[in-house]
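Reading through the structure tokens given below for one structure.
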Ligand SMILES: Cc1ncc(C[n+]2csc(CCOP(=O)(O)OP(=O)(O)O)c2C)c(N)n1
């Protein structure tokens, strides 16, 4: 696109609009009508020039100083102001602040507070565009301060390895909160890093809207044709405090003076004046037009009601509540297969049936994954859908989120469940909270080979489901046998919410069961009574179910075993049913005891069904140490297997 006179004038309007809105916001802040403001004054040329250079359906992932992105995309200002003021009618229904929202109508995916967390998500869009061959691109904004975050490095590395059409746009405004750039990084310019990641890097004058426009237009054109990431460093300056309350005392006056002479709007006005495109009266006319456009909308938003809701509505919106569609299973056409094969079959058959499924993970393609779950998949489904990743848990999970927003159903294999800690932020803050915050379903399945039994020690054998059990928005699924594994994995892949699917490694090759040959599903959130009994209930999941089954073979008591199948959300109904029936409860899990799933179940029963209990609820889990390496220590000391009998006797004798 060439910047003819008409476009230059349009650009002028787009530059002036966020400046005017900001000035009003600063006033409202002083009047105590808004609580926080992160000023982008002096940096507007970057937001506006970039957005103006893109197509409307190119996806932008802006940060906290990028009001100009929203205004140039012609966002509904009334709704925006309601959002900023936390009033009824805002984009997040009062659930998140400022620019923390996305809206697909404007192809904007807003930030979360955690800096750099959206860069991996930008990759998901880049990958989707590449797979769909639709020539779109994604642009992710990032402050120079946030370029020290791991997500920045993981994301640009992954984008480069996969040649994704993403522009990573660093706004280098001199400070990260109060920290000057010489305390943030050691290279001369941040684009020096581009070479290290094998990508193009270019510096642009971030205070010159035409330069920004030209650079972004140029690279947008290049990467639409030849997908690849680009790192742009827009040099600019933060003219006000980090946020208004924090002031600017620490910034040398000389720097402020130097940069105040480079104000992007004043300089653009001078340029337009020398080109005889604008006059004083034209400037006045634009100012009045903007004022007429903005002020009534601010007033209306200020007069809007404060956000209202109900507890039920808030809880309901944590998940996407699409109704479960049953795929019946045909038990007359089964074969006996191992746990690992049931998972493999589920994945294989889903990939065959549903083109939106993609598997990503370390060593999963040619090598077939360390547990060989995806062996041979590459030949059948090809490199685009069976994707080896660099060792970047966070970037890959974030990429899955972008893909999910684009309508894919990505499945990410963690090499071992233990390594999910490196993707923690993406899971608990991005995947889990997006549906609640702005109503966007995130259909991502994470497969986590978990648990003991292979003598792999504290970093390859952990049970870490409880890390995530506390997080609204996630679903935790944990099958105990091959039949459940196939059906539950199928449901997980189709579930519009983020699902963590725990696969017990020790069951992979040790357990066999009858599994229908064709694909079927099992509803998430529903537990299963594995064996009926009347004396006592063992509530358990995963490997615990198998311990319980083994135990009751030689027990004189009539024991009911409830296999939870899903840990989050818990099937409270069935838990209470079994309590009412047997009046004695043992909660059994492999995970260590303190703060485990058992604690929550126990609390729920005591609060709601205390009067049905004939004995105190007992919990049995592993001891509160890291899981040891020695198989002997693991079995004899750490795990609770040998203590089941003692606990049952205690419960029955109460
Ligand atoms: C992971 C994380 N750590 C710390 C913070 C607190 N924080 C918010 S903004 C900010 C400074 C960001 O600097 P920069 O990335 O340069 O962006 P700028 O604010 O200058 O536009 C900090 C430290 C945060 N939001 N996220």
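Among the residues of the stretch 90-134, those that are within 16 Å of the ligand (Cβ to nearest atom), surrounded by 24 or more Cβ atoms within 10 Å (Cβ to Cβ), assigned to a loop (DSSP other than H, G, I, E, B) and in contact (Cβ under 8 Å) with a residue 40 or more places away in the chain comprise 110, 111. Checked against (1) in contact (Cβ under 8 Å) with a residue 40 or more places away in the chain; (2) surrounded by fewer than 23 Cβ atoms within 10 Å (Cβ to Cβ), residue 187 passes all but condition (1).
So, in the stretch 55-89, how many residues would count as being part of a loop (DSSP other than H, G, I, E, B), touching a residue at least 24 places away in the same chain (Cβ under 8 Å) and farther than 27 Å from residue 152 by Cα? Adding up the residues that qualify gives 5.
Based on this model, can you work out whether residue 193 counts as within 16 Å of the ligand (Cβ to nearest atom), over 22 Å from residue 133 (Cα atoms) and assigned to a helix (DSSP H, G or I)? If you could, list the steps in order and put the result at the bottom.
Values: within 16 Å of the ligand (Cβ to nearest atom): yes; over 22 Å from residue 133 (Cα atoms): yes; assigned to a helix (DSSP H, G or I): yes.
In short, yes.
Across the stretch 423-474, what is the total count of residues that are at positive phi and within 16 Å of the ligand (Cβ to nearest atom)? I'd like the intermediate steps shown before the answer.
Step one: list which residues in the stretch 423-474 are at positive phi, which gives 439, 451, 453, 455, 457, 473.
Narrowing the set further to residues that are within 16 Å of the ligand (Cβ to nearest atom) leaves none.
Looking only at that region, the number is 0.
Residues that are within 18 Å of the chain's Cα centre (by Cα) and closer than 18 Å to residue 448 by Cβ: does the stretch 329-347 have at least one? No. Annotation note: Cβ proximity below 6 Å between a residue of the stretch 380-391 that is in contact (Cβ under 8 Å) with a residue 24 or more places away in the chain and at negative phi and a residue that is in a loop (DSSP other than H, G, I, E, B) and surrounded by fewer than 20 Cβ atoms within 10 Å (Cβ to Cβ) (sequence gap 6+ or interchain) occurs for no pair. Of the residues screened, residue 218 is not one that is within 16 Å of the ligand (Cβ to nearest atom) and closer than 23 Å to residue 11 by Cβ.
Look through 87, 16, 79, 74 and report the one residue that is surrounded by fewer than 19 Cβ atoms within 10 Å (Cβ to Cβ) and either in contact with a helix residue (DSSP H, G or I) (Cβ under 8 Å, 6 or more places away or on another chain) or closer than 30 Å to residue 222 by Cα (or both). Before you say what the answer is, go through the steps one by one.
On the way: 87 fails: surrounded by fewer than 19 Cβ atoms within 10 Å (Cβ to Cβ); 16 fails: surrounded by fewer than 19 Cβ atoms within 10 Å (Cβ to Cβ); 79 fails: either in contact with a helix residue (DSSP H, G or I) (Cβ under 8 Å, 6 or more places away or on another chain) or closer than 30 Å to residue 222 by Cα (or both).
Selected residue: 74, the only one of 87, 16, 79, 74 that is surrounded by fewer than 19 Cβ atoms within 10 Å (Cβ to Cβ) and either in contact with a helix residue (DSSP H, G or I) (Cβ under 8 Å, 6 or more places away or on another chain) or closer than 30 Å to residue 222 by Cα (or both).
Just checking, how many residues over the stretch 358-367 are buried (at least 20 other Cβ atoms within 10 Å of the Cβ) and in contact (Cβ under 8 Å) with a residue 40 or more places away in the chain? First the steps, then the outcome.
Narrowing the stretch 358-367 to residues buried (at least 20 other Cβ atoms within 10 Å of the Cβ): 358-362, 364-365.
Next cut, in contact (Cβ under 8 Å) with a residue 40 or more places away in the chain only: 358-362, 364.
Total satisfying the criteria: 6.
Given the condition modelled with pLDDT of 95 or more, exposed (fewer than 13 other Cβ atoms within 10 Å of the Cβ), under 36 Å from the mean Cα position of the chain (by Cα) and outside any helix (DSSP H, G or I), answer yes or no: does some residue in the stretch 618-625 qualify?
First, pick out the residues of the stretch 618-625 that are modelled with pLDDT of 95 or more: 618-625.
With the extra rule that they be exposed (fewer than 13 other Cβ atoms within 10 Å of the Cβ), the set shrinks to 624-625.
Next cut, under 36 Å from the mean Cα position of the chain (by Cα) only: 624-625.
Filter once more, so that each one left must be outside any helix (DSSP H, G or I): 624-625.
Yes, the conditions are met somewhere in the stretch 618-625.
Restricting to the stretch 155-190, name every residue that is assigned to a strand (DSSP E or B) and within 14 Å of the ligand (Cβ to nearest atom).
Applying the first criterion (assigned to a strand (DSSP E or B)) to the stretch 155-190 yields 166-172, 175-176, 179-180.
Within the stretch 155-190, 168, 169, 170, 171, 172, 175, 176, 179, 180 meet the criteria.
Confirm whether residue 562 is under 25 Å from residue 523 (Cα atoms), surrounded by 17 or more Cβ atoms within 10 Å (Cβ to Cβ) and modelled with pLDDT of 95 or more. Step through it out loud before you land on a result.
On the way: under 25 Å from residue 523 (Cα atoms): yes; surrounded by 17 or more Cβ atoms within 10 Å (Cβ to Cβ): yes; modelled with pLDDT of 95 or more: yes.
In short, yes.
Within the stretch 330-344, the set of residues being in contact with a strand residue (DSSP E or B) (Cβ under 7 Å, 6 or more places away or on another chain) and modelled with pLDDT of 95 or more comprises 333, 334, 335, 336, 337, 338, 342, 343.
Output the residues belonging to the stretch 146-170 that are buried (at least 24 other Cβ atoms within 10 Å of the Cβ) and over 21 Å from the mean Cα position of the chain (by Cα). Answer for the stretch 146-170, where residues must be buried (at least 24 other Cβ atoms within 10 Å of the Cβ) and over 21 Å from the mean Cα position of the chain (by Cα): just 170.
Going by the structure shown, is residue 604 closer than 17 Å to residue 534 by Cα and surrounded by 14 or more Cβ atoms within 10 Å (Cβ to Cβ)? No: the conditions fail for residue 604.
Could you tell me whether any residue of the stretch 508-529 is under 14 Å from residue 485 (Cα atoms), modelled with pLDDT of 95 or more and part of a helix (DSSP H, G or I)? Looking for residues that are under 14 Å from residue 485 (Cα atoms), modelled with pLDDT of 95 or more and part of a helix (DSSP H, G or I), one finds at least one in the stretch 508-529, hence yes. Identify the residue in the stretch 15-59 that is more than 16 Å from the ligand (Cβ to nearest atom) and in contact with a strand residue (DSSP E or B) (Cβ under 8 Å, 6 or more places away or on another chain) and, among all such residues, is nearest to residue 291 (Cα to Cα). Ranking the qualifying residues of the stretch 15-59, first place goes to 51. Residues in the stretch 135-154 that are more than 14 Å from the ligand (Cβ to nearest atom) and touching a strand residue (DSSP E or B) at 6+ places or on another chain (Cβ under 9 Å): 136, 137, 138, 139.
Scanning the stretch 1-13 for residues that are touching a residue at least 24 places away in the same chain (Cβ under 8 Å) and either surrounded by 21 or more Cβ atoms within 10 Å (Cβ to Cβ) or assigned to a loop (DSSP other than H, G, I, E, B) (or both) yields 1, 3, 11, 12.
The values are calculated or read from the model by the stated rules, or taken from the named source; none is laboratory data. Every value quoted in this text rests on a predicted model; they were computed, and no experiment measured them. All Cβ positions, even for glycine, are placed from backbone atoms using ideal geometry, and neighbour counts span all protein chains on display.
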